[in-house]
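The values are calculated or read from the model by the stated rules, or taken from the named source; none is laboratory data. Please read all numbers here as calculations on a predicted model, not as lab measurements. Neighbour counts run over all protein chains shown; Cβ positions are idealised from the backbone, glycine included. We work out accessible area using only protein heavy atoms, side chains counted, and drop any ligands, DNA or RNA first. Shrake-Rupley method; radii C 1.70, N 1.55, O 1.52, S 1.80 Å.
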Amino acid sequence: MENSRRVSTRGYAEKEVTPDIIYLSISLKEYYQDGNSKKKVSIETLEKQLFDAAMKNGVRKDDFTIQNIYSYNAETKKKNNELLQSRQYRIKVTNLNNLNTMMEEVDPKGLQSTSISGYDHSQKRQIEKELKTAAVKDARTNAEILANADGGSVGKALMINDNSNVNWNEIMPQPRMYSMAKTANAEMDAAGEGLDLNIRPIKLTCNIDAVFELK
């Protein structure tokens, strides 16, 4: 007859990790040098600056994409103002140490805005595996404590139920916006100051329900 004596426990594990991948949203805009409508800095020039800087600082070509294209009226003294272009790019950055270096190589007057649109971690599947392994071991340890208190011992696991639901999108820090626009009254170049990437660590947790044979 199968041994009906069993012990049910729950295992728990947690770990703090810091995102090592960010998704950067950058908007570039055409502009006239010193308000001179004959000296336009084109969106193609600005885009090449950004693309070359990104490639030079470790971004893969597939991780550099155009998200949106806009047009806006230039503020000049001409009656028929020319429509200037603005483009928004999405860049996956895996080397955060090179981010400020990359931004410094782009004309600051052509930078309209920069925002962190998302976070990720390069080892998240491995981290989840480690958490679940630790939680199962914790469940067995708890079962052994209960069994020893009753003068018994723990055998094989009869059931393991994974209750963890690690949703990285919900627990990642909120994306932030950084204005890179340079106005006539602003002497301080926001791009020159660099981005404050104070990315906080996040806590991941895992819960496991288990039933063990009680000897």
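Counting only protein heavy atoms and using a 1.4 Å probe, the accessible area of Tyr72 comes to about 70 Å².
Annotation for segment 19-59: trypsin sites (Lys or Arg not before Pro) lying in DSSP loop with at most 16 further Cβ atoms inside 10 Å of their Cβ are Lys38, Lys39. For Asn100 and Ser164, a Förster radius of 35 Å and the Cβ-Cβ distance give a FRET efficiency of 0.45, rounded to the nearest 0.05. Ordered by 1.4 Å accessible area with all protein chains kept, Ser164, Ser4 run largest first as Ser4, Ser164. Accessible area of Met55 (1.4 Å probe, protein heavy atoms only, ligands and nucleic acids ignored): about 60 Å².
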